[in-house]
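Just so you know, all these numbers are worked out from the coordinates, no wet-lab data involved. Fair warning: this is a prediction, and the values are worked out from it, not measured in the lab. Here the Cβ positions follow ideal geometry from the backbone for every residue, glycine too, while neighbour counts run over all protein chains shown.
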Ligand code: 8X3
């Protein structure tokens, strides 16, 4: 991939968003662009991020697409090297670790280890890969922000959640540990833990494309969160003054009181 030119003397700060091809990632990219960030859109699906970049450009915003699989460490390192963070300008100020997802709802007793491995790869090692790779640039910016989109599954478990819950607990622990380890540096670590969010793909991916099972997740729930709701929360957290660190923000729809307790209208 060609270098991503980030710096002009008048350039706005840069926000890198992973998993920007759909759902919370795409909505966050739109909001951050509207908030004045130059957004670098990363995801595996090049056509999607190119279309989003074109949409943002059309609206007068700055956006750069970069096809990337965060589980591919070599590709992540290449991406980081391609970011021109040595010139003048604020550079990469924000990293939104959004790429992730669930595969299956099998109980621990019968779950497929391949699903667990894939979920650990994207939800944990994906965050590790790109966060490690961009920390020098985030530090150099003088006011860096790392956002980790974990989940309420990162804070408490439920039957059938095993592999996803374990992986999201991993993401939660990265946020907690990183905040301890970086204290004193000009970087804050923000964890956003959404509950039930109805997006085009999360449940569909989890159930291997089974639309009926995916729809059942939200059945009778008047207003699950939307990708835009979560993007709003991310953008609010990121746009607080740099000394204000929203450590952990749990956001659920009003109809959901806990991972277990969801009000459904019949
Ligand atoms: C999604 C929330 O409840 O499906 O991260 O695990 S849940």
Using 1/(1 + (r/R0)^6) with R0 = 51 angstrom and r between the beta carbons of residue 140 and residue 201, what's the FRET efficiency to the nearest 0.05? 0.90
Mind checking the full-extension length gain between residue 11 and residue 132? Use 0.36 nm per residue of separation minus the Cα-Cα distance, one decimal, nm. 41.1 nm
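Sort 28-40, 155-167 by the packing proxy (mean of other Cβ within 10 Å over each peptide's residues), most packed first.
Result, highest mean first: 28-40, 155-167.
Quick check on the chain: helices-only [θ] at 222 nm, where DSSP H runs of length 4 and up contribute -39,500 (n - 2.57) each and the sum goes over total residues. Nearest 500, please.
Value at 222 nm, helices only, nearest 500: -12000 deg cm²/dmol.
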Compute log10 of I(q)/I(0) for region 4-251 with the Debye formula, placing one identical point scatterer on every Cα and leaving out solvent, at q = 0.07 Å⁻¹, to two decimals. -0.22
Using alpha-carbon positions, what is the distance between the centroids of region 167-192 and region 94-131, in Å? 17 Å
Going highest first, how would you order 205-212, 259-266 by mean Cβ packing within 10 Å? 205-212, 259-266
